[in-house]
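Notes follow the structure.
Throughout, read-outs are computed from the coordinates displayed, never taken from laboratory work. Quick caveat: nothing in here was measured; it's all calculated off a predicted structure. Using ideal geometry, Cβ is built from the backbone for each residue, glycine included, and neighbour counts are taken over all protein chains shown.
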Ligand SMILES: NC(=O)c1ccc[n+]([C@@H]2O[C@H](COP(=O)([O-])OP(=O)(O)OC[C@H]3O[C@@H](n4cnc5c(N)ncnc54)[C@H](OP(=O)(O)O)[C@@H]3O)[C@@H](O)[C@H]2O)c1
């Protein structure tokens, strides 16, 4: 089978390329600078156990009309859309251009190819109380006043929500074969702990290691749901390749500990003390409005939304994974490996020397 992928060079994307090529699928990656990015990506895919030579690149950009594609594409079995601007404090215009307009251009490509669209959104689309608070009624999302949502949620989250809601509507209108994968916050590779330093979990570990986390955000019930990046990549591969797939796959490990025990686990691997007291979210959010404090604390108010007390129904994904005999890596191990990888990056010590 042949798959088209956006965001292939990203943390999740290169794991998806490895998972697809490991199963002998051909991948066409849309890259902004194929001449400088393809070689590195092939090497990364090889080192993740994939087959880099099964990867071809095509020049394209989510910010360009019709993705800036100038080369004819082969017949595709599915389009996998991961590409996005993933950052805090994105301005509305920039976030919408790449994450919303770009996503709809990718959906249009899948329509023209008459193939499946595997669309990567996020787990907060299943937190209906949160959507309501932002002003999105999940029953009538087309009535949303988006400028309000952008003010309340920030550019990244708002644009991801808008993109998913508009892509769903596009898929319905054109009877597209549409699968939405909704990842939790991504943790490191379950075997190696590899975790990019731009990932939110990396920042949390960094805050813990550097003593910037004196108190735990929220309450005892708050958690930051996680999914190991290689496990997520397998879910995305199956979403693209299986004959029958649920419309939505919530990729979230229910075994993720609540935030305080998660920090305690990570701290024990760092030889540090974890915070035990709590700071209520509204107090923390108010503090983070003080200019300069977000940068000093390495915490941005928008990031706090992802730490919340809501529990999620993951039965459909669990059944799907059982059918395909995919085992879920143990979250305790994933947290340990991610922390070890973080410490190794930070201290320069190998895992054997560490501790
Ligand atoms: N990581 C998480 O915790 C998480 C959780 C839920 C959902 N997601 C979603 O999963 C997807 C991938 O996340 P990630 O963590 O892998 O992100 P990432 O490491 O930041 O990768 C982003 C990717 O998007 C590409 N990209 C950015 N702007 C582009 C543009 N204008 N045109 C084409 N490509 C562009 C980047 O390409 P360059 O290399 O050229 O910059 C890169 O390949 C995103 O849609 C994100 O919203 C992530």
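Compactness check for the stretch 71-146: Cα Rg over 2.2 N^0.38 Å is 1.30.
Fewest first, what order do 39, 234 take by the number of other Cβ atoms within 10 Å? Before the final figure, lay out each step's value.
Details: 39 12, 234 23.
So the residues, fewest neighbours to most, are 39, 234.
Rg to Rh ratio, the stretch 238-354, alpha-carbon atoms and Kirkwood radius? Could the numbers behind the result be given before it?
Working: Rg = 18.4 Å, Rh = 17.5 Å.
For the stretch 238-354, the value is 1.05.
Hydrodynamic radius of the stretch 1-102 by the Kirkwood approach over all distinct alpha-carbon pairs: 13.8 Å.
Could you please rank 115, 17, 210, placing first whichever residue has the fewest other Cβ atoms within 10 Å of its Cβ? Before the final figure, lay out the partial values.
On the way: 115 20, 17 30, 210 11.
By the 10 Å Cβ count, ascending: 210, 115, 17.
Within the chain, what percent of beta bridges assigned by DSSP are antiparallel, to the nearest 5?
Values: 1 of 32 bridges.
About 5 percent, rounded to the nearest 5.
From its DSSP helices (H runs of at least four residues, each -39,500 (n - 2.57)), the chain gives a residue-normalised ellipticity at 222 nm of -12500 deg cm²/dmol. Please report, to two decimal places, log10 I(q)/I(0) for the stretch 131-241 at q = 0.12, 0.17 Å⁻¹ as given by the Debye formula with identical point scatterers on the Cα atoms and no solvent. For the stretch 131-241, the Cα-only Debye profile gives -0.63, -1.10.
When the expected Rg is taken as 2.2 N^0.38 Å, what fraction or multiple of it is the alpha-carbon Rg of the stretch 246-304? The partial results should precede the final answer.
Numbers: Rg = 15.3 Å, N = 59, 2.2 N^0.38 = 10.4 Å.
It is 1.47.
May I ask for log10 I(q)/I(0) of the chain at q = 0.08, 0.14 Å⁻¹, from a Debye sum over the Cα atoms as equal point scatterers with solvent left out? With one equal scatterer per Cα and no solvent, log10 I(q)/I(0) is -0.38, -1.24. Summarised in one figure, the compactness ratio Rg/Rh of the stretch 119-174, Cα atoms and Kirkwood Rh, is 0.93. Counting Cα-Cα pairs of the stretch 217-274 in 10 Å increments starting at 0 gives whole-percent bin shares of 20, 35, 26, 15, 3. Relative to the dominant Cα principal axis of the chain, helix 34-47 is inclined by about 60°. Extents of the stretch 194-296, taken as max minus min of Cα coordinates on every principal axis and listed largest first, are 50, 31, 26 Å.
Taking other Cβ within 10 Å of each residue's Cβ, how do 160, 322 sort, fewest first? Don't skip to the answer; put the middle values down first.
Details: 160 23, 322 11.
Fewest to most other Cβ atoms nearby, the residues stand as 322, 160.
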